[in-house]
Amino acid sequence: MHYIPVHFHPYYRERFGFKGGEYPVAESAYEQLISLPMFHAMTDDDVEDVVRAMAKVLGWYSGS
């Protein structure tokens, strides 16, 4: 799940007519950021799963 800028939510698009481009900094950050799993019941094994998955993805993109 990724957090999207508020003005991209359907309610705000419909209510205020946002089309995109109104908030370029928020939109740029949205396109470049990722959300990592984080919740109160995460176990050490859950954290390790996230770390392994990130290492795998980053290794693939770096060509390692």
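Looking only at the stretch 10-30, decide whether some residue is polar (S, T, N, Q) and under 15 Å from the mean Cα position of the chain (by Cα). Write out each step before concluding.
Going residue by residue through the stretch 10-30, those that are polar (S, T, N, Q) are 28.
Keeping just the survivors that are under 15 Å from the mean Cα position of the chain (by Cα) gives 28.
Among the residues of the stretch 10-30, at least one is polar (S, T, N, Q) and under 15 Å from the mean Cα position of the chain (by Cα), which makes the answer yes.
Of all residues in the stretch 2-41 being part of a loop (DSSP other than H, G, I, E, B) and of a type in the set (Ser, Thr, Tyr), which is surrounded by the most Cβ atoms within 10 Å (Cβ to Cβ)?
Among those residues, the one meeting the criterion is Tyr23.
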*From (1) hydrophobic (A, V, I, L, M, F, W, C); (2) in contact with a helix residue (DSSP H, G or I) (Cβ under 9 Å, 6 or more places away or on another chain); (3) not in a loop (DSSP other than H, G, I, E, B), pick out the condition that doesn't hold for Ala53.*
(2)
*Residues of the stretch 42-64 satisfying the condition of being open to solvent by less than 60 Å² (accessible area, probe 1.4 Å) and acidic (Asp, Glu)*: Asp46
*Any chance you could count how many residues in the stretch 15-41 are in contact with a helix residue (DSSP H, G or I) (Cβ under 8 Å, 6 or more places away or on another chain) and of a type outside the set (D, E, K, R)?*
9
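The values are calculated or read from the model by the stated rules, or taken from the named source; none is laboratory data. Note that the structure is predicted; figures quoted are calculated from it, not measured. So basically every Cβ, Gly included, is an ideal-geometry build from the backbone, and we count neighbours across all protein chains shown. Heads up: the accessible areas ignore ligands, DNA and RNA and are worked out on the full protein's heavy atoms, side chains in. Shrake-Rupley method; radii C 1.70, N 1.55, O 1.52, S 1.80 Å.
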